[in-house]
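The values are calculated or read from the model by the stated rules, or taken from the named source; none is laboratory data. Note that the coordinates shown come from a computational prediction; the quantities given were computed from them, not determined experimentally. Positions of Cβ are backbone-derived with ideal geometry, glycine not excepted, and every protein chain shown enters the neighbour counts. Please note that ligands, DNA and RNA were not included when accessible areas were found on the heavy atoms of the full protein model with its side chains. Shrake-Rupley method; radii C 1.70, N 1.55, O 1.52, S 1.80 Å.
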Amino acid sequence: MSEKTSVFIQNKKVTIVLLLSLLLVIGIIITLFLSLNSGASIEDFQQAIKNRDAEGVLAIIDSEEGATQEWTENTVAYLFETLNKNPRYEDGLFYYLDAQRLDFEGELVSRELVQESREEIPFLIVEGKRNKPKIIARAQRVVLTTNVDNVEISIDSDSHTINKEEQVDLGTFAPGEYKIEGKTIVNGQEITTTEKVDVPFFGKMNTNNVQVNFNIQSLKLFTPIENTEVYINEEKVDIEWNQVQNPYLGFEYQGTYNPVVEGDKIYGVVQTPVGEFTSEINEIDSDELVFNVLQNEQIKNELFSLLETYEKQRIEVLENESVDYMKAAVSDEIMNDLRKDVNNLSPIFGDERHYEGTLKQIRMVNYTNSMKLNQQENLEVEIEFETIVHEGRWKTINGRDINKDIKDNILSKNVTFEYKNETWTIKNFERNYSSSKLDSNNYGEAKKEQY
């Protein structure tokens with residue numbers, strides 16, 4: 001072997017030795033660095049919290065694997081805000097961190113304390129690479145429910161759809177305040193709501209159950225006629241009607257519908273023997289569907305004309321003392337009352353009795369009325385009228401008139417009309433007040449009695 005070749009081989013050996021030595025030194029340095037880091041990272045973490053150093057905290061911690069919302073500067077800022085408001089939380093945080101650190105290092109620590117520390121604070125010390133400690137910043141699960149169907153939920157730009165009686169797992173979120181927005185369509189109109197969820201830093205790491213509630217109501221409706229069609233915001237809805245006893249209006253029908261929300265407009269439509277009628281449009285706080293037969297001008301004129309005919313013929317009956325003058329369509333009850341009035345005009349012990357009257361005015365006091373189907377399935381309508389009749393009664397004794405006083409008699413009464421056999425009939429009257437002087441106060445003072 002030449003001298004030149006020998007020198008080359010020697011140099012190559014030296015180079016290899018130097019490279020191996022360099023790698024050994026680098027390995028020693030890394031090992032020393034990692035070994036020195038075994039407790040320092042936890043101490044640095046605590047110091048970063050004391051210094052309110054958000055960047056320092058984020059540089060040390062690792063967010064929990066798979067977290068939907070990881071720790072951010074906003075999360076750490078919220079942590080600092082919480083600690084500033086509650087200094088005892090900071091003492092407790094360090095106390096529990098020390099318990100976990102000592103347990104990790106193999107020191108003898110109460111198992112109950114270690115378990116408690118893992119449950120009460122959002123940081124968990126676990127084994128990292130090379131058996132070194134690692135701080136995990138934990139997140140908590142958020143689960144949603146709602147009280148209506150087909151709700152679109154949004155939280156931190158994520159969206160979900162949820163139905164009533166379902167649970168939607170939104171995932172795990174770092175501690176902090178979150179705004180959950182929900183929207184849905186109820187009866188054709190969009191409604192929205194906002195809920196806040198506060199994922200806490202301290203306390204047991206539990207699931208946060210959030211109820212996204214909409215201000216919905218259950219609507220109870222009353223109608224005088226069965227099988228009334230109900231419309232909410234111009235859309236027909238299905239309602240099952242049940243008969244109930246109403247002490248003021250007799251038999252009615254009650255139905256329930258939900259959901260409804262503030263702002264919904266509700267009305268009913270009924271089919272009757274004299275045509276279709278639509279109730280007033282109500283808000284959801286009104287539970288009565290009121291149908292006004294006077295919407296139909298022809299019917300209104302027919303009923304007005306019928307009562308006018310009755311009033312004029314009643315005068316003729318009394319003046320002539322014969323019910324044969326009553327040709328208007330009235331019930332047997334009204335005819336019997338007329339016969340009694342005629343009998344009261346009969347002479348008593350030779351005294352003659354007389355009646356004289358002139359119809360001066362008929363008017364509808366108000367245009368609201370009640371409508372219902374009676375037990376015979378005939379349509380009944382009650383309307384309030386006021387009549388003014390210039391009338392009087394007196395008696396004649398020995399050819400001389402006694403107590404003859406003819407004056408205006410103002411009578412307010414509810415008139416019930418019945419439609420049967422394709423004809424309107426006056427069924428009965430209910431007197432509100434009678435006066436010789438028109439006085440609106442009589443409405444409230446009068447005692448109701450049968451006419």
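So here's what we get for this one:
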item	result
Tabulated pairs, the stretch 403-428, first open to solvent by 20 Å² or more (accessible area, probe 1.4 Å), second part of a strand (DSSP E or B) and among the hydroxyl-bearing types (S, T, Y), C-beta under 7 angstrom, 6+ apart or interchain	N409/S434; K427/T416; N428/T416
Filtered residues of the stretch 299-355 (kept if of a type in the set (G, A, S) and in a helix (DSSP H, G or I))	S305
Condition met for L289 (open to solvent by less than 30 Å² (accessible area, probe 1.4 Å) and out of contact with any helix residue (DSSP H, G or I) (no Cβ under 9 Å at 6 or more places or on another chain))	yes
Of all residues making up the stretch 290-344, the number that are under 30 Å from Y231 (Cβ atoms) and either modelled with pLDDT of 95 or more or among the acidic types (D, E) (or both)	2
Search result, residues across the stretch 144-169 that are open to solvent by 20 Å² or more (accessible area, probe 1.4 Å), part of a strand (DSSP E or B) and in contact (Cβ under 8 Å) with a residue 40 or more places away in the chain	T145, D158
Some residue of the stretch 221-228 being out of contact with any Phe, Trp or Tyr (no Cβ under 8 Å at 6 or more places or on another chain) and open to solvent by 20 Å² or more (accessible area, probe 1.4 Å)	no
Residues (over 21 Å from S370 (Cα atoms), in a strand (DSSP E or B) and open to solvent by 50 Å² or more (accessible area, probe 1.4 Å)) located in the stretch 256-277	T256, N258
Residues being within 30 Å of Q375 (Cα to Cα) and either at pLDDT below 60 or assigned to a loop (DSSP other than H, G, I, E, B) (or both) - total across the stretch 392-445	2
Qualifying positions in the stretch 58-97 - surrounded by 12 or more Cβ atoms within 10 Å (Cβ to Cβ) and under 17 Å from G128 (Cα atoms)	L58, A59, I60, I61, D62, S63, E64, L97
Failed item in (1) at negative phi; (2) out of contact with any Pro (no Cβ under 9 Å at 6 or more places or on another chain); (3) of a type outside the set (F, W, Y), with E234 passing the rest	(1)
Failed condition for S346, given (1) closer than 27 Å to K404 by Cβ; (2) of a type in the set (S, T, N, Q); (3) open to solvent by 60 Å² or more (accessible area, probe 1.4 Å)	(3)
Qualifying residues in the stretch 187-235 (those that are hydroxyl-bearing (S, T, Y), closer than 30 Å to Q245 by Cβ and part of a strand (DSSP E or B)) - the one modelled with the highest pLDDT	Y231
Selection within the stretch 349-371 - within 23 Å of K300 (Cα to Cα), open to solvent by 60 Å² or more (accessible area, probe 1.4 Å) and modelled with pLDDT of 85 or more	K360, Q361, R363
First in the stretch 260-273 and touching a residue at least 40 places away in the same chain (Cβ under 8 Å), second anywhere and open to solvent by 20 Å² or more (accessible area, probe 1.4 Å) and among the aromatic types (F, W, Y), Cβ under 9 Å, 6 or more apart	I266/Y231; I266/Y257; G268/Y231; V269/Y231; T272/Y419; P273/Y419
Matching residues in the stretch 187-202 - criterion: being open to solvent by 40 Å² or more (accessible area, probe 1.4 Å) and within 23 Å of V261 (Cβ to Cβ)	G188, Q189, E190, T192, T194, E195, K196
Pairs where the first residue, in the stretch 113-134, is within 12 Å of Y95 (Cα to Cα) and assigned to a helix (DSSP H, G or I) and the second is open to solvent by 70 Å² or more (accessible area, probe 1.4 Å) and at pLDDT below 90, C-beta under 9 Å, 6+ apart	E120/K204
Near pairs, Cβ below 9 angstrom, 6+ apart or cross-chain, from the stretch 369-380 (under 12 Å from K427 (Cα atoms)) to any residue that is of a type in the set (S, T, Y) and open to solvent by 30 Å² or more (accessible area, probe 1.4 Å)	N378/Y419; L379/Y419; E380/S370; E380/Y419
Scope the stretch 57-74; condition touching a residue at least 24 places away in the same chain (Cβ under 8 Å) and of a type in the set (A, V, I, L, M, F, W, C); matching residues	I60, I61, A67, W71
Candidate set: the stretch 287-298, residues that are part of a helix (DSSP H, G or I) and touching a residue at least 24 places away in the same chain (Cβ under 8 Å); chosen: the one nearest to the chain's Cα centre (by Cα)	V293
Residues located in the stretch 119-135, provided they are open to solvent by 40 Å² or more (accessible area, probe 1.4 Å) and either touching a helix residue (DSSP H, G or I) at 6+ places or on another chain (Cβ under 7 Å) or of a type in the set (G, A, S) (or both)	E120, R130, K132
Number of positions in the stretch 79-111 that are under 15 Å from F123 (Cα atoms) and not polar (S, T, N, Q)	18
